[in-house]
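Colleague: First the structure, which I've put down as structure tokens, then a few questions once you've had a look.
The values are calculated or read from the model by the stated rules, or taken from the named source; none is laboratory data. Here the structure is a predicted model, which means the values were calculated and not measured. FYI the Cβ positions are ideal-geometry reconstructions off the backbone, even for glycines, and counts take in every protein chain you see. Accessible surface is based on the protein model in full, side chains and every heavy atom, while ligands, DNA and RNA are left aside. Shrake-Rupley method; radii C 1.70, N 1.55, O 1.52, S 1.80 Å.
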Amino acid sequence: MNERYGWQVAPDPGRAVQPTCDHVDGLHEAPANAAPGCEDCLREGRTWVNLLACLSCGHIGCCDSSPGQHAYRHARAHRAHHIARSLRPGQDWAWCYTDEVYLRPARPARPA
Ligand SMILES: [Zn+2]
Ligand SMILES: [Zn+2]
Ligand SMILES: [Zn+2]
């Protein structure tokens, strides 16, 4: 069994009404190094800026700053796949394409 790993909406002080996301249940943790890069960019011979992993199926796609925007396209092509997490080391966040909100890990704080 995998360690339980949840996500919660990151509070946004800039918004009067805090965003919500109803898609955080039943997510999978992205397998580490599932793919060497964006599968679609590799096939098309392109490069990417940052990678995102779909938390519904583990698809690896490139971020919105990349020319291909394949993570976004993946979420749009698979309507039940809402959330992808950043794979850049040290960036512990995920993005819900449906609600357009940032999520952060809901792990209990680790002892220092
Ligand atoms: Zn959502
Ligand atoms: Zn790509
Ligand atoms: Zn997916």
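Colleague: Of everything in region 86-110, what is within 16 Å of ligand 2 (Cβ to nearest atom) and under 20 Å from residue 12 (Cβ atoms)? Give them in sequence order.
Modeller: Initial filter on region 86-110 (within 16 Å of ligand 2 (Cβ to nearest atom)): 86-88, 95, 97.
Answer for region 86-110, where residues must be within 16 Å of ligand 2 (Cβ to nearest atom) and under 20 Å from residue 12 (Cβ atoms): 86, 95, 97.
Colleague: Taking the condition over 14 Å from residue 7 (Cα atoms) and either buried (at least 19 other Cβ atoms within 10 Å of the Cβ) or in contact with a Pro (Cβ under 7 Å, 6 or more places away or on another chain) (or both), does residue 54 pass? Give the derivation first.
Modeller: Working: over 14 Å from residue 7 (Cα atoms): no; either buried (at least 19 other Cβ atoms within 10 Å of the Cβ) or in contact with a Pro (Cβ under 7 Å, 6 or more places away or on another chain) (or both): yes.
Criteria not met by residue 54.
Colleague: Taking into account only those residues within region 64-85 that are among the charged types (D, E, K, R) and touching a residue at least 12 places away in the same chain (Cβ under 8 Å), which is least open to solvent (accessible area, probe 1.4 Å)? Please lay out each step first, then the result.
Modeller: The initial filter retains those residues of region 64-85 that are among the charged types (D, E, K, R), namely 64, 73, 76, 79, 85.
Adding the requirement that they be touching a residue at least 12 places away in the same chain (Cβ under 8 Å) leaves 73, 76, 85.
Details: 73: 133, 76: 88, 85: 27 Å².
Checked region 64-85; the qualifying residue least open to solvent (accessible area, probe 1.4 Å) is 85.
Colleague: A follow-up question, please. Does region 77-93 contain any residue that is of a type in the set (Asp, Glu), away from ligand 3 (no atom under 15 Å from the Cβ) and at pLDDT below 95?
Modeller: As a first pass, look at region 77-93 and keep what is of a type in the set (Asp, Glu): 92.
Next cut, away from ligand 3 (no atom under 15 Å from the Cβ) only: 92.
Among the residues that remain, those that are also at pLDDT below 95 are: 92.
Yes, because at least one residue in region 77-93 is of a type in the set (Asp, Glu), away from ligand 3 (no atom under 15 Å from the Cβ) and at pLDDT below 95.
Colleague: Could you please give the count of residues in region 86-96 that are loosely packed, with under 14 Cβ neighbours inside 10 Å and touching a His at 6+ places or on another chain (Cβ under 7 Å)?
Modeller: The qualifying residues number 0.
Colleague: Separate question: Return yes or no: is residue 99 among the acidic types (Asp, Glu) and loosely packed, with under 14 Cβ neighbours inside 10 Å?
Modeller: no
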